[in-house]
Amino acid sequence: MTDIIKDSHGMSDTPEEREFELRAHIGSIWSGGRLFIGMYTFLIASLAFSYFYLRSSNNGLLWRPDHVTGPTAYGWAIWSLTMLAAGMAIFGRRRFRKGNSADWMIAGWVGLSAALLALFLQVWEWQKIPFYPGSSGYASTFIGYTIINLLTIAIVVYWLETTLARALRLRKELGGENAEYSMHPSAQSFRANVASMTYFLGFVAIASTLMFAMFYLL
Amino acid sequence: MTISAERPTEVNDMGDGPPDFIAQPKLRRHGLLGQHLGTAIIGGFLGYILGHWLGNYIASGYPYIANSGQNSIAVLLALALMVLGWLIGIGALNYPFAKMLGREAKGEVEYQGWTRYFRYNLDHKVVGIQYVVGVLVFFFTGGLLAMAIRTELLNPTVHVFSADTYIKIVSEHGTIMMMMASSVVVGPLGNYFVPLMIGARRMAFPRIEAFSFWIFSAGYLVIFSALFFGGFPTGWTGYAPLQTQAGPGMISYLFGFAIISIGMMAAGFNLAVTIINYRAPGMTWSRVPIFVWSIIATAALLTLASPVLLAAGLFGILDKTVQTAFYVTEHGGSSYLWENLFWFFGHPEVYIMALPGFGIVGEILPVFARKPLFAYRIAAAGMIGVALLSFFVWQHHLFQSGINPDMRPLFMLTTELISIPTGFIFLVGMGTLYKARIRYEVPMLFCMAVYFNFLIGGVSGVFLSDVPVNVTVHGGFFVLSHFHYTIMGGLIFAFFAGLYFWLPKMTGKKMNKKLGLWHFWTMFVFFNLTFFPMFIIGLLGQPRRVFTYAKNLQTLNDFSSISAFLLGASFLIFVANIMWSQFISPEKSPANPWDSLGLEWQTATPIPIYNFERIPVIMTDPYHYSEPGAPALADFGQATMAASASPPSSSTSADQ
């Protein structure tokens with residue numbers, strides 16, 4: 001026989017049911033994170049398809065006249081900052097898993113700062129584009145790339161910021177207990193979220209590199 | 001610890017509740033204060049005004065825009081900020097903003113009373129009802145436009161509309177109907193019944209679920225706004241270069257589809273994650289109801305195909321606003337790029353529409369045939385097979401354009417291949433009906449009609465997959481008739497089967513059987529009388545989207561038009577049935593009026609806010625009809641057994 005836990009609203013759960021709900025919740029964060037990557041892959045693949053379709057079509061020899069390129073310095077800077085944000089998230093999580101929450105927080109804030117700067121530069125880059133958006137196939141897909149990259153970095157910023165803000169509150173909730181080792185449901189949920197976020201940032205690092213190579217190096 | 005058949009009996013009070021994401025929802029009753037549909041409308045209106053002003057301010061410095069009278073930037077910003085205002089007004093962004101301050105979900109607040117249907121509600125049952133109303137609004141709007149089309153086609157020489165207005169009506173009709181059809185089952189019935197069928201007490205991401213509905217409704221406003229911006233002349237497929245040449249109404253089309261695609265992704269994402277993680281203990285994949293299989297296959301398509309539509313819409317919007325040239329061949333783009341992106345989404349979209357219909361029919365047939373679902377595993381495999389193959393057939397839409405002719409046989413083959421798993425699903429239905437003592441209730445009649453209609457739609461689809469036939473009948477009424485047979489004859493009939501079957505559970509009230517029969521027979525007869533002649537009209541050469549035609553086709557067109565008007569009238573019988581059965585003369589439904597073994601029927605009516613008082617432990621699949629000694633479906637725990645008017649054992653024993 002197990003107890004029924006009745007909350008202040010008169011509804012009830014058994015401890016087993018709460019554990020089931022918690023497992024399902026954490027599983028949802030895990031599988032949701034992976035599914036989100038799947039969705040995002042198709043979005044980015046659409047851009048890549050457009051790039052190669054127009055490149056191979058080369059209609060009116062207007063794929064890329066005079067081999068115009070987006071502002072390379074900005075491209076390098078944005079890519080580097082995105083990689084820094086992803087790298088910090090991956091490094092931070094490794095430290096977090098070893099119980100070093102402070103390192104994770106510092107890495108997280110550095111990553112967030114890098115992502116914010118990348119976001120700013122991605123917007124600013126529009127001021128510096130040396131071609132008209134409709135001047136060629138490359139020019140068009142480049143504009144599309146900047147929009148999708150902006151969206152990607154914005155998602156990274158939001159996910160990092162909300163996770164860091166949550167970590168600050170969680171410290172109070174756990175009363176000083178280490179979030180990595182705590183069995184409190186909030187801590188378990190937090191760990192699952194950190195894992196999914198890090199996984200997504202790893203994906204962003206790979207996708208950003210491929211996109212950077214396509215638009216700035218090829 | 002795991003949940004087992006051992007059930008608790010002692011009750012402890014616990015003032016300090018669990019974290020909000022596993023806590024039960026808090027009940028609250030609200031008046032007119034707070035956020036609701038009214039504030040969403042105000043937010044949308046203010047957003048529209050602000051966006052329009054902003055767009056004019058930004059673009060006024062460019063003479064070619066100022067002089068053209070067509071400021072696409074103003075239209076886009078007006079629509080974008082309208083959607084943003086709508087979402088802020090309804091409260092969809094409260095939680096995302098709260099998260100930025102590190103707050104977790106504040107517990108699921110469930111509003112009580114009728115006002116909950118006008119709010120950002122997190123109860124999947126409320127969202128399901130909201131979707132029912134939403135898709136019916138879509139459906140009837142598109143239906144009225146269809147009446148206008150058939151009115152115009154009454155006579156080839158005397159015209160009600162100009163050619164320009166006619167094509168815009170056709171375009172709006174097609175787009176609204178396609179948007180509706182992509183959500184018509186997943187939205188209302190998927191959201192409402194999937195958690196109940198898998199023994200879950202909640203959705204994995206209730207806020208994303210609610211978001212999917214409210215952005216879906218915003219999508220309706222956006223696409224409807226096209227009429228006020230002069231419409232768009234491309235049909236629902238939005239082909240370039242016509243797309244590039246069209247006026248601001250095209251922005252509504254592109255932005256509307258982008259918005260709807262976000263809603264589709266959100267709905268599919270939430271449903272997939274819920275089914276994977278929230279299945280009750282004991283519900284192995286081989287015990288998952290066939291409707292849930294259809295929903296997870298659809299959810300996979302929704303999450304993976306919709307981003308391509310989003311990208312295609314984004315590129316189109318960029319072409320219209322910042323003058324990129326994705327679809328402008330003269331500037332290094334390609335109009336075929338749109339075709340590829342659109343149909344890479346568009347063909348999975350066909351199965352996004354078809355699969356849930358098959359799921360409903362597969363769920364209902366055993367109930368009225370009183371037989372187990374025949375070859376359950378093959379049905380499930382067929383659905384997954386269809387979902388996978390649907391990504392490899394899109395080029396058959398380009399047989400006439402934008403494809404290397406040498407590639408046509410490959411895509412002809414993949415298209416014909418997909419008829420194999422589809423055929424499995426069809427044969428599963430036939431096997432279930434074989435030697436059954438069928439009860440011809442209204443939901444069952446709709447299911448039988450699905451098989452009849454889909455047979456015609458499916459077989460004509462096999463013809464169309466063959467390049468020679470496709471080349472001959474492409475762009476004509478034959479194609480039009482084919483897809484109306486599959487989408488309306490399959491999906492919409494299945495949707496009504498589902499509504500008649502599950503409404504007694506959703507509302508606790510019986511639908512009037514006599515009106516239901518009238519609705520079914522008029523809809524079935526006039527559907528076939530409307531669309532079957534179109535096969536002949538198409539073979540005789542009448543093209544789609546053209547408001548005039550050869551004089552010798554007038555008799556067939558008139559026959560089709562009059563049938564269409566009567567088909568339209570058949571839906572008035574449905575509306576009358578809803579009004580009569582649910583509001584004017586409501587009659588309480590028995591707890592399990594069809595003697596179904598489905599898990600959704602085993603909980604109390606009205607359904608508790610948390611679905612099941614105890615999480616059930618599943619013992620078997622729900623299709624053991626007429627099987628002596630069949631095991632009980634699930635262990636619901638003592639408390640639930642007492643609360644439920646129809647415990648599972650009673651249904652099972654009735655069959656024995």
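The values are calculated or read from the model by the stated rules, or taken from the named source; none is laboratory data. Everything quoted here is computed from the prediction, not taken from an experiment. Cβ placement follows ideal geometry from the backbone for every residue including glycine, while neighbour counts extend to all protein chains displayed.
Residues that are part of a helix (DSSP H, G or I) and in contact with a Lys or Arg (Cβ under 7 Å, 6 or more places away or on another chain): does region A:138-156 have at least one? Taking every residue of region A:138-156 in turn, at least one turns out to be part of a helix (DSSP H, G or I) and in contact with a Lys or Arg (Cβ under 7 Å, 6 or more places away or on another chain). Of all residues in region B:433-451, which are assigned to a helix (DSSP H, G or I) and in contact (Cβ under 8 Å) with a residue 24 or more places away in the chain? Residues satisfying the conditions are B:Leu433, B:Val442, B:Pro443, B:Met444, B:Leu445, B:Phe446, B:Cys447, B:Ala449, B:Val450, B:Tyr451. Screening A:Trp30 with (1) more than 8 Å from every other protein chain (Cβ to nearest Cβ); (2) over 20 Å from A:Ile206 (Cβ atoms) gives one miss only, at (2). When A:Leu119 is tested against (1) crowded, with 17+ Cβ neighbours inside 10 Å; (2) free of Cβ contacts under 8 Å to residues at least 60 places away in the same chain; (3) within 11 Å of another protein chain (Cβ to nearest Cβ), only condition (3) is not met.
With the structure loaded, tell me whether B:Phe368 is more than 14 Å from chain A (Cβ to nearest Cβ), more than 18 Å from B:Phe411 (Cβ to Cβ) and touching a Pro at 6+ places or on another chain (Cβ under 9 Å) or whether it fails that test. Spelling it out, B:Phe368 is indeed more than 14 Å from chain A (Cβ to nearest Cβ), more than 18 Å from B:Phe411 (Cβ to Cβ) and touching a Pro at 6+ places or on another chain (Cβ under 9 Å). If you check B:Leu373, B:Leu389, B:Leu337, B:Leu410 for being within 14 Å of chain A (Cβ to nearest Cβ) and not aromatic (Phe, Trp, Tyr), only one passes: B:Leu337. The test for being over 30 Å from B:Phe232 (Cβ atoms), surrounded by 22 or more Cβ atoms within 10 Å (Cβ to Cβ), out of contact with any Leu (no Cβ under 8 Å at 6 or more places or on another chain) and among the polar types (S, T, N, Q) holds for B:Asn270.
For region B:69-116, the set of residues classified as buried (at least 21 other Cβ atoms within 10 Å of the Cβ), part of a loop (DSSP other than H, G, I, E, B) and modelled with pLDDT of 90 or more consists of B:Ala92 only. Out of B:Ile295, B:Ile290, one residue alone is more than 22 Å from A:Ile29 (Cα to Cα) and more than 7 Å from chain A (Cβ to nearest Cβ). It is B:Ile290.
If you scan region B:348-385, which residues turn out to be in a helix (DSSP H, G or I) and either in contact with an Asp or Glu (Cβ under 8 Å, 6 or more places away or on another chain) or more than 18 Å from B:Val185 (Cβ to Cβ) (or both)? Give the derivation first.
Start the filter on region B:348-385 by keeping residues that are in a helix (DSSP H, G or I), which leaves B:348-369, B:376-385.
Of everything in region B:348-385, those that are in a helix (DSSP H, G or I) and either in contact with an Asp or Glu (Cβ under 8 Å, 6 or more places away or on another chain) or more than 18 Å from B:Val185 (Cβ to Cβ) (or both) turn out to be B:Pro366, B:Val367, B:Phe368, B:Ala369, B:Tyr376, B:Arg377, B:Ile378, B:Ala381, B:Gly385.
Evaluate region A:154-161: report whether one residue or more is under 12 Å from the mean Cα position of the chain (by Cα) and at the interface with chain B (Cβ under 7 Å from one of its Cβ atoms). Within region A:154-161, one or more residues are under 12 Å from the mean Cα position of the chain (by Cα) and at the interface with chain B (Cβ under 7 Å from one of its Cβ atoms). Filter region B:170-212 for residues that are more than 14 Å from chain A (Cβ to nearest Cβ) and of a type in the set (Gly, Ala, Ser); which is farthest from B:Thr298 (Cα to Cα)? Applying the filter and picking the extreme gives B:Ser171.
Taken over region A:176-218, residues that are surrounded by 21 or more Cβ atoms within 10 Å (Cβ to Cβ) and outside any helix (DSSP H, G or I) amount to 1.
Would it be correct to say that B:Gly55 is within 30 Å of A:Leu160 (Cα to Cα) and buried (at least 18 other Cβ atoms within 10 Å of the Cβ)?
Working: within 30 Å of A:Leu160 (Cα to Cα): no; buried (at least 18 other Cβ atoms within 10 Å of the Cβ): yes.
So B:Gly55 fails the test.
From the list A:Ser140, A:Ser182, A:Ser186, A:Ser136, the one residue that fits, being on the phi < 0 side of the Ramachandran plot and more than 10 Å from chain B (Cβ to nearest Cβ), is A:Ser182.
So which residues in region B:276-311 are outside any helix (DSSP H, G or I) and hydrophobic (A, V, I, L, M, F, W, C), if there are any at all? It would help to see each step written out before you state the result.
If we filter region B:276-311 for residues that are outside any helix (DSSP H, G or I), which is where we start, we get B:278-284, B:288-289.
Result: B:Ala280, B:Met283, B:Val288.
With respect to A:Leu151, is the statement that it is farther than 22 Å from A:Phe203 by Cβ and among the aliphatic types (A, V, I, L, M) true? When the stated conditions are applied, A:Leu151 does not pass them.
No other residue among B:Thr432, B:Thr522, B:Thr507 is in the same structural domain as B:Ser563 (by TED's automatic domain parsing) and either surrounded by fewer than 17 Cβ atoms within 10 Å (Cβ to Cβ) or under 24 Å from B:Gly568 (Cα atoms) (or both) apart from B:Thr522. For the condition within 14 Å of chain A (Cβ to nearest Cβ) and not hydrophobic (A, V, I, L, M, F, W, C), B:Gly256 does not qualify. Output the number of residues of region B:313-324 satisfying the condition of being surrounded by 24 or more Cβ atoms within 10 Å (Cβ to Cβ) and at the interface with chain A (Cβ under 7 Å from one of its Cβ atoms). Going through region B:313-324 one residue at a time, the tally reaches 2.
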